[in-house]
Amino acid sequence: NFCAHLGDFCNNYIGSPEIVSELLDNEYGLSVFGVYGNHELETVGNTMQFVTPRLTNRPEEVIFGTADGKIGNGDVGYYYYDTGDFRFVFLDTNYSLSADKGYYEHNREASHTCPPENSLSDSIGANQLAWLDRALTDAAQKGKHCIVNAHATFSGNFNSSPDHEAVRALYKKANRLRPKTVLMSING
């Protein structure tokens with residue numbers, strides 16, 4: 001019913017419009033939902049404001065992690081999509097902790113990794129973690145099954161997000177509220 005990509009789809013959204021267009025305006029008319037990998041902002045000019053609207057061809061059908069649930073200026077790249085009894089959650093694992101600033105910040109334009117002075121690369125950060133808690137709790141209360149999608153893994157194994165324990169605790173919390181709320185977590 002739709003196509004999902006789990007990041008690193010294209011490292012130059014501005015310079016490769018034919019690749020992005022082929023996915024978003026696909027010949028099958030499929031809805032497309034994607035996440036940030038660590039290469040989406042790699043090229044100069046590929047800002048979140050430019051790339052975020054190109055993660056999906058159905059921005060009006062998703063609930064972004066913004067205060068009003070709308071795409072806004074594109075500086076929030078995580079969202080969910082409901083269809084029937086399912087909620088597909090799309091997370092952005094491109095945050096890292098800035099010790100100087102005291103908060104999690106997104107990978108910068110023209111980079112495929114966190115700033116060198118930051119720690120906890122491949123995080124979702126505190127704001128997104130709180131949003132995920134609300135999204136999963138809401139899904140449990142509404143009787144929806146969730147499939148969570150992200151680039152970095154939450155397995156606790158190879159290249160796992162530093163937030164993996166907190167994310168898995170939220171999965172357990174949602175499943176205690178209503179069994180089988182979180183069915184799976186898929187990672188790129």
Accessible area in square angstrom per residue, the chain, 1.4 angstrom probe: 48 Å²
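Using only alpha-carbon positions, what ratio does the radius of gyration of the chain give when scaled by 2.2 N^0.38 Å?
0.98
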Amide H within-cut-off set for ILE186, under 5 Å, with H built and near neighbours excluded: VAL148, ASN149, ALA150
Difference of contour (0.36 nm per residue) and Cα-Cα distance, ASP133 to ALA166: 10.9 nm
The chain, relative contact order in percent, only Cα pairs under 8 angstrom and at least six apart counted: 19 percent
Two-site label geometry, PHE158 and TYR103: point separation in nm, points 7 Å out along Cα→Cβ: 3.6 nm
Antiparallel content of DSSP bridges confined to the chain, in %, to 5: 50 percent
Using θ = phi - 60° and Karplus 6.51 cos²θ - 1.76 cosθ + 1.60, couplings along the range 119-127 (whole Hz; Gly, Pro as x): 10, 6, 4, 6, 8, 9, x, 5, 5
For the range 9-15, 3J(HN,Hα) per residue [Karplus equation, 6.51 cos²θ - 1.76 cosθ + 1.60, θ = phi - 60°, Hz, x = Gly/Pro]: 5, 7, 9, 8, 4, 6, x
Average Cα contact separation per residue, the range 133-188, under 8 Å, 6 or more apart, as relative contact order %: 49 percent
5 angstrom amide H check on TYR104, placed H, neighbours 5+ away: SER98, ALA126
Computed over the range 129-188, Kirkwood Rh from alpha-carbon pairs, angstrom: 11.5 Å
Potential lengthening between ARG58 and ASP82 on full extension [0.36 nm per residue; Cα-Cα distance subtracted]: 7.5 nm
Distance between modelled label sites at HIS112 and CYS3, nm, 7 Å Cα→Cβ extension: 2.2 nm
Gaussian network model of the chain, Cα within-10 Å springs - most flexible of TYR95, TYR28, TYR36: TYR28
Most mobile of ALA140, ALA150, ALA169 in a GNM of the chain (Cα contacts under 10 Å): ALA169
CYS3 long-range amide H proximity, modeled H, under 5 Å: SER31, VAL32, PHE33
From phi via Karplus (6.51, -1.76, 1.60), per-residue ³J(HN,Hα) for the range 142-159 in Hz, x at Gly/Pro: 8, x, 9, 8, 10, 10, 9, 10, 7, 7, 7, 7, 10, 6, x, 9, 2, 6
For the range 1-44, fraction of C-alpha pairs farther apart than 12 Å, in %: 60 percent
Distance from the range 166-185 to the range 37-116 (C-alpha centre basis), Å: 22 Å
Nearest-20 debye value, the chain charge dipole, Cβ charges on Lys, Arg, Asp, Glu: 1020 debye
Compactness index (Cα Rg / 2.2 N^0.38 Å), the range 34-97: 1.11
Fraction of accessible area attributable to carbon and sulfur, the chain (%, probe 1.4 Å): 51 percent
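The values are calculated or read from the model by the stated rules, or taken from the named source; none is laboratory data. A quick note: this is a predicted structure, and the numbers were derived from the prediction, not measured. With ideal geometry, Cβ positions are generated from the backbone for all residues, glycine too; neighbour counts draw on all protein chains shown. Please note that ligands, DNA and RNA were not included when accessible areas were found on the heavy atoms of the full protein model with its side chains. Shrake-Rupley method; radii C 1.70, N 1.55, O 1.52, S 1.80 Å.
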